[in-house]
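Encoded as structure tokens, the structure appears first; notes follow it.
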Amino acid sequence: MDLMEAIKGRRSIRKYKPDPVPDEALQVVMEAVKWAPSWANTQCWKVIVVKDLKIKSDVAGALPKGNPALSSIKEAPILLILCGMKGISGFYKGQQSTEKGDWLMFDIGLAMQNLCLAAHTLGLGTVVIGMFDHKKTEEILGIPQNVEVVAMTPLGYPTSNGPAPRRKEISEFVFYEKYKT
Ligand SMILES: Cc1cc2nc3c(=O)[nH]c(=O)nc-3n(C[C@H](O)[C@H](O)[C@H](O)COP(=O)(O)O)c2cc1C
């Protein structure tokens, strides 16, 4: 699968088969995280691999009932929680390098996209989940003070691949030379 095919073909998957994910596939997915770009190569990510049914169920309890990805957490054999170490990305000698503060969210986003694309090339499904009670999840997973949970995704074999939600036309978001209002 070439890169554009993977980028365009990846979908958010919310229905999973119970089939296990081979360890080798999980390793490839983690390798994709490993090679994500990050602020000054700081690699602030931490990934928690959850297979335990009780922990998955507890984490599912941190999602609001209306989150369409709720059932996928229990269905998929693996739940991956992406966390970031605070005060590293976007900092130099402990000082913020830009007015944007901590770049943790950005770096974890890049890692997540690498993860999702690598999974897709292996026939595995993912869905980025950002709408949940982060504090509650951090308590469940025993996250230390200097780390925060950013997002999570189930990992498993999709039952089906839905249609792609419509994208904006390139002309709607690309400007040349200066921003046009
Ligand atoms: C930062 C972020 C947070 C998201 N949070 C959720 C979520 O909480 N629940 C959910 O079902 N989908 C979530 N999504 C998935 C988006 O709804 C999905 O990517 C978007 O509709 C485009 O569909 P596609 O991924 O199939 O291209 C999230 C995506 C991103 C990037």
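Evaluate region 159-166: report whether one residue or more is basic (Lys, Arg) and more than 12 Å from the ligand (Cβ to nearest atom).
Within region 159-166, none of the residues are basic (Lys, Arg) and more than 12 Å from the ligand (Cβ to nearest atom).
Which residues, taken from region 96-110, are without any contact (Cβ under 8 Å) to a residue 60 or more places away in the chain and outside any helix (DSSP H, G or I)?
Step one: list which residues in region 96-110 are without any contact (Cβ under 8 Å) to a residue 60 or more places away in the chain, which gives 96-102, 105, 109.
Within region 96-110, Gln96, Ser97, Thr98, Glu99, Lys100, Gly101, Asp102 meet the criteria.
If you check every pair at least six apart or on different chains, which have Cβ atoms under 6 Å apart with a residue in region 157-176 that is under 15 Å from Gly9 (Cβ atoms) first and a residue that is within 9 Å of the ligand (Cβ to nearest atom) second?
Going by the 6 Å Cβ cut-off, the qualifying pairs are Pro158/Ile13; Asn161/Arg11; Gly162/Arg11.
If I go through region 111-136 residue by residue, how many of them are assigned to a helix (DSSP H, G or I), over 14 Å from Ile78 (Cα atoms) and within 12 Å of the ligand (Cβ to nearest atom)? Full working, then the answer.
From region 111-136, those assigned to a helix (DSSP H, G or I) are 111-121, 134-136; that's our starting set.
If we keep only those that are over 14 Å from Ile78 (Cα atoms) as well, we get 111-114, 117-118, 120-121, 134-136.
Right, trim to within 12 Å of the ligand (Cβ to nearest atom) and you get 112-113, 117, 120, 134.
Total meeting the criteria: 5.
Could you figure out which of (1) surrounded by 20 or more Cβ atoms within 10 Å (Cβ to Cβ); (2) under 24 Å from Leu124 (Cα atoms); (3) away from the ligand (no atom under 16 Å from the Cβ) isn't true of Leu82?
Condition not satisfied by Leu82: (3).
Determine if region 56-63 includes at least one residue that is crowded, with 17+ Cβ neighbours inside 10 Å and free of Cβ contacts under 8 Å to residues at least 24 places away in the same chain. Show your work before the answer.
The first filter runs over region 56-63 and keeps only residues crowded, with 17+ Cβ neighbours inside 10 Å, leaving 56, 59-60, 62-63.
Filter once more, keeping what is free of Cβ contacts under 8 Å to residues at least 24 places away in the same chain: 56, 60.
There is at least one residue in region 56-63 that is crowded, with 17+ Cβ neighbours inside 10 Å and free of Cβ contacts under 8 Å to residues at least 24 places away in the same chain.
State which residue pairs qualify: first residue hydroxyl-bearing (Ser, Thr, Tyr) and inside region 40-52, second residue buried (at least 17 other Cβ atoms within 10 Å of the Cβ) and not in a loop (DSSP other than H, G, I, E, B) in any location, beta carbons under 8 Å apart, and separation of 6 or more residues or different chains.
Taking only residues 6 or more apart or on different chains, the pairs are Thr42/Asp107.
If the Cβ limit is 7 Å and pairs must be 6+ apart or interchain, which residue in region 118-145 that is under 21 Å from Gly66 (Cα atoms) pairs with which residue that is assigned to a helix (DSSP H, G or I) and within 10 Å of the ligand (Cβ to nearest atom)?
As it stands, the answer is Thr126/Cys116; Val127/Ser72; Val128/Met112; Val128/Cys116, since those pairs meet every condition given.
Considering region 56-77 alone, what residues qualify as being in contact with a helix residue (DSSP H, G or I) (Cβ under 7 Å, 6 or more places away or on another chain) and aliphatic (A, V, I, L, M)? Even if it seems obvious, please write down each step before you answer.
Restricting attention to region 56-77, the residues satisfying the condition of being in contact with a helix residue (DSSP H, G or I) (Cβ under 7 Å, 6 or more places away or on another chain) are 56-60, 62-63, 70, 73-74.
Listed by number, the residues that qualify are Val59, Ala60, Ala62, Leu63, Leu70, Ile73.
Every number in this text was worked out from the coordinates using simple rules, so none of it is lab data. All figures in this text were calculated on a predicted structure; none of them were measured in a lab. Quick reminder, even Gly has a Cβ in these numbers, built from the backbone with ideal geometry, and neighbours come from all protein chains shown.
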